[in-house]
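To start, the structure under review is shown below, and the notes come after it.
The values are calculated or read from the model by the stated rules, or taken from the named source; none is laboratory data. All values reported here derive from a predicted model rather than from experimental measurement. So basically every Cβ, Gly included, is an ideal-geometry build from the backbone, and we count neighbours across all protein chains shown. These area figures cover heavy atoms from the full protein model, side chains too; ligands, DNA and RNA do not enter into them. Shrake-Rupley method; radii C 1.70, N 1.55, O 1.52, S 1.80 Å.
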Amino acid sequence: MPKVTEEHRQAMRLRIQDAALACIARKGFSGTSMADIVKEADLSAGAVYVYYSSKAELTTDVGRRVMEQRVAELEDFGDAAEVPAPREVFPPLLDSLLDDNPLAPTLLQIWGESAHDKEFAEIAGAIFESLLGFFTDYLRAYFRRSAAMDGDAAELRARELAPAILAMMQGAVVQTTVFGPSARASVGAGFRAMLAHLECSASPESLDPGLR
(Lines give C-alpha, C1' and ligand atoms only; values in the text may rest on other atoms or scores of the structure.)
Protein backbone atom coordinates (compact mmCIF):
# COMPACT_ATOMS: atom_id res chain seq x y z
CA MET A 1 0.00 0.00 0.00
CA PRO A 2 1.48 3.38 -1.03
CA LYS A 3 2.66 5.59 1.81
CA VAL A 4 0.53 8.72 2.35
CA THR A 5 2.79 11.76 2.52
CA GLU A 6 2.29 14.81 4.68
CA GLU A 7 1.98 16.86 1.48
CA HIS A 8 -0.94 14.68 0.40
CA ARG A 9 -2.62 15.00 3.80
CA GLN A 10 -2.25 18.77 3.75
CA ALA A 11 -3.65 18.95 0.21
CA MET A 12 -6.67 16.92 1.30
CA ARG A 13 -7.27 19.17 4.30
CA LEU A 14 -7.16 22.25 2.07
CA ARG A 15 -9.54 20.62 -0.41
CA ILE A 16 -12.05 19.89 2.35
CA GLN A 17 -11.66 23.39 3.84
CA ASP A 18 -12.23 24.99 0.43
CA ALA A 19 -15.35 22.86 0.01
CA ALA A 20 -16.61 23.99 3.41
CA LEU A 21 -16.12 27.67 2.54
CA ALA A 22 -17.90 27.21 -0.81
CA CYS A 23 -20.88 25.58 0.90
CA ILE A 24 -21.05 28.24 3.60
CA ALA A 25 -21.03 30.95 0.92
CA ARG A 26 -24.17 29.43 -0.63
CA LYS A 27 -26.10 28.14 2.37
CA GLY A 28 -24.74 29.90 5.45
CA PHE A 29 -22.96 28.26 8.33
CA SER A 30 -25.92 26.72 10.12
CA GLY A 31 -27.43 25.52 6.82
CA THR A 32 -24.28 23.65 5.77
CA SER A 33 -23.98 20.00 6.76
CA MET A 34 -21.04 17.64 6.61
CA ALA A 35 -22.90 15.83 3.83
CA ASP A 36 -22.89 19.07 1.81
CA ILE A 37 -19.16 19.44 2.35
CA VAL A 38 -18.49 15.83 1.37
CA LYS A 39 -20.40 16.33 -1.88
CA GLU A 40 -18.69 19.66 -2.63
CA ALA A 41 -15.25 18.17 -2.05
CA ASP A 42 -16.13 15.27 -4.40
CA LEU A 43 -14.81 12.75 -1.89
CA SER A 44 -16.31 9.83 -0.03
CA ALA A 45 -17.64 10.45 3.47
CA GLY A 46 -14.99 8.10 4.80
CA ALA A 47 -12.21 10.12 3.16
CA VAL A 48 -13.48 13.37 4.70
CA TYR A 49 -13.96 11.89 8.17
CA VAL A 50 -10.36 10.66 8.16
CA TYR A 51 -9.39 14.32 8.50
CA TYR A 52 -12.38 15.88 10.28
CA SER A 53 -14.74 14.15 12.66
CA SER A 54 -17.25 17.03 12.79
CA LYS A 55 -18.21 20.36 11.28
CA ALA A 56 -16.96 22.07 14.44
CA GLU A 57 -13.49 20.55 14.08
CA LEU A 58 -13.39 21.50 10.40
CA THR A 59 -14.53 25.04 11.22
CA THR A 60 -11.68 25.43 13.69
CA ASP A 61 -9.11 24.62 11.01
CA VAL A 62 -10.80 26.86 8.45
CA GLY A 63 -10.94 29.75 10.91
CA ARG A 64 -7.30 29.42 11.88
CA ARG A 65 -6.17 29.11 8.29
CA VAL A 66 -8.05 32.20 7.14
CA MET A 67 -7.14 34.38 10.10
CA GLU A 68 -3.48 33.38 10.14
CA GLN A 69 -3.17 34.27 6.47
CA ARG A 70 -4.44 37.75 7.24
CA VAL A 71 -2.38 38.49 10.33
CA ALA A 72 0.84 36.97 8.98
CA GLU A 73 2.12 40.44 8.05
CA LEU A 74 2.08 41.38 11.73
CA GLU A 75 4.96 38.95 12.20
CA ASP A 76 7.16 40.35 9.45
CA PHE A 77 8.80 43.27 11.25
CA GLY A 78 11.87 41.39 12.43
CA ASP A 79 14.51 43.83 13.66
CA ALA A 80 13.25 46.80 11.66
CA ALA A 81 13.88 50.07 13.44
CA GLU A 82 10.44 51.44 12.49
CA VAL A 83 7.14 49.55 12.79
CA PRO A 84 4.10 50.72 10.77
CA ALA A 85 1.54 52.70 12.75
CA PRO A 86 -1.73 51.06 13.86
CA ARG A 87 -3.81 53.03 11.35
CA GLU A 88 -1.63 51.55 8.59
CA VAL A 89 -2.03 48.00 9.89
CA PHE A 90 -5.47 47.38 11.38
CA PRO A 91 -7.83 49.02 8.84
CA PRO A 92 -6.41 46.99 5.91
CA LEU A 93 -6.74 43.86 8.05
CA LEU A 94 -10.38 44.75 8.76
CA ASP A 95 -10.99 45.40 5.05
CA SER A 96 -9.59 41.98 4.19
CA LEU A 97 -12.05 40.36 6.59
CA LEU A 98 -15.02 42.29 5.22
CA ASP A 99 -14.09 41.84 1.56
CA ASP A 100 -13.71 38.07 1.83
CA ASN A 101 -17.21 36.70 1.37
CA PRO A 102 -18.32 34.49 3.16
CA LEU A 103 -15.77 35.04 5.92
CA ALA A 104 -17.44 37.91 7.80
CA PRO A 105 -20.92 36.29 7.92
CA THR A 106 -19.31 32.99 8.91
CA LEU A 107 -17.47 34.64 11.80
CA LEU A 108 -20.71 36.23 12.94
CA GLN A 109 -22.51 32.88 12.85
CA ILE A 110 -19.72 31.19 14.83
CA TRP A 111 -19.94 33.90 17.51
CA GLY A 112 -23.71 33.43 17.64
CA GLU A 113 -23.41 29.67 17.99
CA SER A 114 -20.83 30.18 20.75
CA ALA A 115 -23.42 31.75 23.03
CA HIS A 116 -25.17 28.41 23.54
CA ASP A 117 -22.81 25.73 22.26
CA LYS A 118 -19.72 24.82 24.28
CA GLU A 119 -17.89 23.29 21.31
CA PHE A 120 -18.28 26.45 19.26
CA ALA A 121 -17.37 28.59 22.25
CA GLU A 122 -14.06 26.71 22.32
CA ILE A 123 -13.58 27.36 18.59
CA ALA A 124 -14.23 31.08 19.00
CA GLY A 125 -11.98 31.17 22.05
CA ALA A 126 -9.09 29.52 20.22
CA ILE A 127 -9.34 31.95 17.30
CA PHE A 128 -9.69 34.90 19.70
CA GLU A 129 -6.60 33.95 21.71
CA SER A 130 -4.57 33.48 18.53
CA LEU A 131 -5.54 36.92 17.23
CA LEU A 132 -4.97 38.53 20.61
CA GLY A 133 -1.44 37.15 20.62
CA PHE A 134 -0.71 38.54 17.14
CA PHE A 135 -2.13 41.97 18.06
CA THR A 136 -0.23 42.15 21.34
CA ASP A 137 3.07 41.21 19.70
CA TYR A 138 2.61 43.83 16.99
CA LEU A 139 1.62 46.59 19.41
CA ARG A 140 4.54 45.79 21.72
CA ALA A 141 6.94 46.16 18.77
CA TYR A 142 5.26 49.39 17.66
CA PHE A 143 5.36 51.03 21.08
CA ARG A 144 8.99 50.06 21.65
CA ARG A 145 10.46 50.94 18.26
CA SER A 146 8.24 53.69 16.88
CA ALA A 147 6.80 55.26 20.05
CA ALA A 148 10.07 55.01 22.01
CA MET A 149 8.60 53.32 25.10
CA ASP A 150 10.76 51.17 27.31
CA GLY A 151 10.10 47.44 27.43
CA ASP A 152 7.81 47.37 30.49
CA ALA A 153 5.72 50.32 29.35
CA ALA A 154 5.36 48.89 25.83
CA GLU A 155 4.30 45.52 27.24
CA LEU A 156 1.69 47.10 29.50
CA ARG A 157 0.24 49.35 26.78
CA ALA A 158 0.11 46.49 24.26
CA ARG A 159 -1.72 44.17 26.68
CA GLU A 160 -4.18 46.95 27.58
CA LEU A 161 -5.02 47.92 24.00
CA ALA A 162 -4.97 44.64 22.06
CA PRO A 163 -8.31 43.36 23.44
CA ALA A 164 -9.99 46.72 22.75
CA ILE A 165 -8.74 46.89 19.16
CA LEU A 166 -9.86 43.31 18.57
CA ALA A 167 -13.27 44.17 20.05
CA MET A 168 -13.57 47.15 17.70
CA MET A 169 -12.83 44.92 14.74
CA GLN A 170 -15.40 42.38 15.91
CA GLY A 171 -17.96 45.17 16.25
CA ALA A 172 -17.16 46.40 12.75
CA VAL A 173 -17.73 42.91 11.37
CA VAL A 174 -21.09 42.67 13.18
CA GLN A 175 -22.35 46.08 12.08
CA THR A 176 -21.22 45.69 8.48
CA THR A 177 -22.68 42.21 8.17
CA VAL A 178 -26.03 43.25 9.64
CA PHE A 179 -26.41 46.80 8.32
CA GLY A 180 -24.44 46.77 5.08
CA PRO A 181 -22.11 49.17 3.24
CA SER A 182 -23.27 52.37 4.94
CA ALA A 183 -22.32 50.96 8.32
CA ARG A 184 -18.98 49.85 6.96
CA ALA A 185 -18.14 53.38 5.83
CA SER A 186 -19.05 55.05 9.12
CA VAL A 187 -17.50 52.37 11.33
CA GLY A 188 -14.33 52.32 9.22
CA ALA A 189 -13.95 56.08 9.48
CA GLY A 190 -14.41 55.97 13.24
CA PHE A 191 -11.95 53.10 13.57
CA ARG A 192 -9.27 55.04 11.69
CA ALA A 193 -9.90 58.16 13.76
CA MET A 194 -9.52 56.24 17.01
CA LEU A 195 -6.28 54.65 15.83
CA ALA A 196 -4.92 58.04 14.78
CA HIS A 197 -5.70 59.35 18.28
CA LEU A 198 -3.93 56.34 19.76
CA GLU A 199 -0.81 57.17 17.76
CA CYS A 200 -0.84 60.78 18.96
CA SER A 201 -1.21 59.72 22.58
CA ALA A 202 1.65 57.25 22.18
CA SER A 203 4.11 59.69 20.61
CA PRO A 204 7.29 60.25 22.60
CA GLU A 205 6.41 63.92 23.15
CA SER A 206 3.07 63.07 24.78
CA LEU A 207 4.30 60.39 27.17
CA ASP A 208 4.75 60.79 30.87
CA PRO A 209 8.53 60.67 31.50
CA GLY A 210 8.02 57.58 33.63
CA LEU A 211 6.67 55.63 30.61
CA ARG A 212 9.51 56.43 28.22
For the chain, the charge dipole (Cβ of Lys, Arg +1; Cβ of Asp, Glu -1; about the Cα centre) points to a positive end, and the Cα of 34, 166, 59 closest to that extreme belongs to 34
Whole-Å distance linking the alpha carbon centroid of segment 9-81 with that of segment 98-174 is 20 Å
Electrostatic dipole magnitude of the chain [Cβ: Lys, Arg +1; Asp, Glu -1; Cα centre; debye, to 20]
520 debye
Considering only protein heavy atoms, what is the solvent-accessible area of residue 152 at a probe of 1.4 Å, reported in Å² to the nearest 10?
130 Å²
Student exercise, segment 46-156 dipole from Lys, Arg, Asp, Glu Cβ charges, in Debye to nearest 20:
180 debye
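Let's test the formula: R0 of 30 Å, r as the Cβ-Cβ distance of residue 95 and residue 14. What FRET efficiency results, to the nearest 0.05? If you can, show how the numbers build up before the last one.
Working: r = 24 Å, r/R0 = 0.81.
After rounding, the FRET efficiency stands at 0.80.
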Once you order the gyration tensor axes a ≥ b ≥ c over the Cα atoms, which shape class does segment 92-141 get: rounded for a/c under 1.5, otherwise prolate or oblate by comparing a/b with b/c?
oblate
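How high is the relative contact order of the chain, given as a whole-number percent (alpha carbon pairs under 8 Å, six or more residues apart)?
On the way: 168 pairs, mean separation 41.3, N = 212.
It rounds to 19 percent for the chain.
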Ignoring ligands and nucleic acids, what accessible area does residue 138 show with a 1.4 Å probe (Å², nearest 10)?
0 Å²
Of all the C-alpha pairs in the chain, what % are more than 20 Å from each other?
63 percent
Specify which residue in the list 177, 121, 197 is farthest towards the positive end of the charge dipole of the chain, using unit charges on the beta carbon of Lys, Arg (+1) and Asp, Glu (-1), about the Cα centre.
177
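What number, rounded to the nearest 500 deg cm²/dmol, is the helix-based mean residue ellipticity at 222 nm of the chain, given -39500 (n - 2.57) per DSSP H run of at least four residues and division by all its residues? Mind showing how you got there, number by number?
Working: 9 runs with 158 residues, N = 212.
Rounded to the nearest 500, it is -25000 deg cm²/dmol.
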Difference of contour (0.36 nm per residue) and Cα-Cα distance, residue 119 to residue 7:
37.4 nm
Solvent-accessible area of residue 149 with every protein chain in place, 1.4 Å probe, in Å² to the nearest 10
10 Å²
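Go ahead and run the numbers for FRET between residue 159 and residue 22, Cβ-Cβ distance against an R0 of 41 Å, rounding to 0.05. Before the final figure, lay out the partial values.
Values: r = 38 Å, r/R0 = 0.93.
Efficiency, from the Cβ-Cβ distance: 0.60.
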